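These notes are about the structure you will find just below.
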Amino acid sequence: MKTLAALVRELEDQLSACTRCGMCQAVCPLFRETGREAGVARGKLAILKGLMQEAFREPRRSLEELSRCLLCGSCEANCPSGVRVLEIFLKARAILTGYLGLPPAKRLALRNLVAHPARFDRFLAWAARVQGLVIKPADELLGTSCARFTSPLADRHFKALAPLPFHGLVEGRNGKGKNPKGKVLFFYGCLIDKVFPEIGQAVLKTLDHFRVEVIVPEGQGCCGIPALSAGDLQTFQTLVNYNLELFSRESCKVVVTACPTCAATIKKIWPVLARGLDAGKQELLAGLAEKTVDITDFLVNRIGVGPAALGGSKEGGRGVTYHDPCHLRKSLGVSAPPRLLLKSLPGYDYREMVEADACCGCGGSFTLEHYELSKAVGKRKLGHIRQSAAELVATACPACLLQITDLLSRGGDRIRVRHVVELLAESLEAEETGRGERQVICV
């Protein structure tokens, strides 16, 4: 209760910064679909201001409105007053959920599974083995599945759990090759581990190519953002402490991720909402936040990967377009590096997408709870992908991969979806096979 009271006091101070100018309304993907004032940041902040004044008179209604948000950061990125909207919303969700309590299903999933990484891994390993009983193939090109029976997943086309998670392939890795040109710690995150291990392998292949030593700590846990988005501050703090203890065993100047949501959480959310840490852990957290970087940003701006290193794209290649993940562009300010990598790949013809930085509609757990709204937002993105006339759409976020794959699979589109680093790794592997390893660049 002391933690919740402190959060309430912080909210009271932060809410006063909103001038109700309405800029958030112009950029909110949900307002574009619903036209509801309560759906935009200004409306939600007004609700919260009333919440503080009226002492939780209608907490359930307020929580419902706060949960109807993609947390894409469009409002915060365009706010002329600098209101830290995402931080406010996450604090408010934690306050209201702490007051009302977690629903039983979320409590079971978050506190009994996600909060215990080893247990979570065992549960999903079991689920991967039996998933064929309840799902069936939907689209061979995109590798999607759908439900065999009527269920909450009935309308979705989704990626099945990987038969073998990423951590089962490489966990405990302590670098590779002689005379490394640098050293990084790889934080892979839940989706890469459980659904897209090929992305994690592409990260390792790429960094190996440029002779960067990669450490993959054993037993990594979730970054905590699913729990915090659900208002579960307890599980979030448990996972922050768990990962801090894990990372403290390694000495690295850089932490690389291929998931912008994980990167944004570590850099922006951990320092603000991790509570009750002693001075040593606070220092460790601050250092970790400072040195965490997205893989595309690391490759381009830390080791100079670009046209000279990759050979440059050739005209007449396969058409590829790019979707900006919200947390990569709006939270971390990274937009040029993934484009530069795509434009530098031989055999591809890069085509910029209309509104490339518009949200795809995933929003993490948002798509699980508000699928119809998620589809409505995604429909606009699907139209822009089609308009690009590209054969392949690349992005740099596993969650966006899930959403865009669902959109294309249900739409019957013959357009593949890949992570930028996957395309890069494939290009490097093809060149190594044909020409031998190139001159490396020092970190």
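The number of residues in the stretch 247-262 being surrounded by 18 or more Cβ atoms within 10 Å (Cβ to Cβ) and either modelled with pLDDT under 95 or closer than 13 Å to Val203 by Cβ (or both) comes to 8. For the stretch 86-138, residues that are in a helix (DSSP H, G or I), β-branched (Val, Ile, Thr) and farther than 18 Å from Gly221 by Cβ total 4.
For the stretch 361-405, the candidate set comprises residues that are among the basic types (Lys, Arg) and within 22 Å of Val320 (Cα to Cα); within that set, the residue that is surrounded by the most Cβ atoms within 10 Å (Cβ to Cβ) is Lys381.
Filtered by the rule that a residue be among the small types (Gly, Ala, Ser) and either surrounded by fewer than 12 Cβ atoms within 10 Å (Cβ to Cβ) or touching a Gly at 6+ places or on another chain (Cβ under 7 Å) (or both), the stretch 104-150 gives Ala105, Ala118. Among residues of the stretch 52-74 being modelled with pLDDT under 70 and surrounded by 14 or more Cβ atoms within 10 Å (Cβ to Cβ), the one that is farthest from Gln25 (Cα to Cα) is Phe56.
Out of the residues in the stretch 58-78 that are acidic (Asp, Glu) and out of contact with any helix residue (DSSP H, G or I) (no Cβ under 7 Å at 6 or more places or on another chain), which is nearest to Ala92 (Cα to Cα)?
Here is the first cut: in the stretch 58-78, the ones acidic (Asp, Glu) are 58, 64-65, 76.
Add one more test, that the residue is out of contact with any helix residue (DSSP H, G or I) (no Cβ under 7 Å at 6 or more places or on another chain), and what stays is 58, 64.
Numbers: Glu58: 13, Glu64: 11 Å.
So, considering only residues that are acidic (Asp, Glu) and out of contact with any helix residue (DSSP H, G or I) (no Cβ under 7 Å at 6 or more places or on another chain), the one nearest to Ala92 (Cα to Cα) is Glu64.
The test for being modelled with pLDDT under 95 and not aliphatic (A, V, I, L, M) does not hold for Pro337. With respect to the conditions (1) farther than 23 Å from Phe123 by Cα; (2) surrounded by fewer than 20 Cβ atoms within 10 Å (Cβ to Cβ), His209 falls short on a single one, namely (2). Report, by residue number, each residue of the stretch 374-387 that is closer than 26 Å to Ile192 by Cβ and of a type outside the set (D, E, K, R). Those that are closer than 26 Å to Ile192 by Cβ and of a type outside the set (D, E, K, R): Ser374, Val377, Gly378, Leu382, His384, Ile385.
All conditions but one from (1) more than 19 Å from Phe210 (Cβ to Cβ); (2) among the acidic types (Asp, Glu); (3) surrounded by 19 or more Cβ atoms within 10 Å (Cβ to Cβ) apply to Asp297; the one that does not is (1).
Here are some residues: Phe149, Phe166. Which one is among the hydrophobic types (A, V, I, L, M, F, W, C) and modelled with pLDDT under 85? Result of the check over Phe149, Phe166: Phe149. If you go through the stretch 246-268 and pick out every residue that is touching a Pro at 6+ places or on another chain (Cβ under 9 Å) and assigned to a loop (DSSP other than H, G, I, E, B), you end up with 4. Checked across the stretch 304-326, the condition of being among the charged types (D, E, K, R), within 21 Å of Val417 (Cα to Cα), buried (at least 19 other Cβ atoms within 10 Å of the Cβ) and outside the structural domain of His419 (by TED's automatic domain parsing) holds for no residue. Checked against (1) over 26 Å from Leu401 (Cα atoms); (2) part of a helix (DSSP H, G or I); (3) not hydroxyl-bearing (Ser, Thr, Tyr), Leu277 passes all but condition (2). Pairing residues of the stretch 73-96 that are on the phi > 0 side of the Ramachandran plot with residues that are modelled with pLDDT of 90 or more and surrounded by 23 or more Cβ atoms within 10 Å (Cβ to Cβ), at Cβ distances under 8 Å and at least 6 apart in sequence or on separate chains, gives Gly73/Cys326; Gly73/His327; Gly73/Lys330; Gly73/Ser331. Every condition in (1) at pLDDT 80 or above; (2) within 20 Å of Tyr371 (Cα to Cα); (3) buried (at least 16 other Cβ atoms within 10 Å of the Cβ) is met by Val83 except one, and the failing one is (2). Among the residues of the stretch 342-398, those that are of a type outside the set (Gly, Ala, Ser), touching a residue at least 60 places away in the same chain (Cβ under 8 Å) and in contact with a strand residue (DSSP E or B) (Cβ under 9 Å, 6 or more places away or on another chain) comprise Leu342, Leu345, Tyr348, Ile385, Glu391, Leu392, Val393, Thr395, Cys397, Pro398.
The values are calculated or read from the model by the stated rules, or taken from the named source; none is laboratory data. On a predicted model such as this, the values are computed, not experimentally measured, just so you know. A quick note on method: Cβ atoms are made from the backbone with ideal geometry, for glycine too, and the neighbour counts reach across all protein chains shown.
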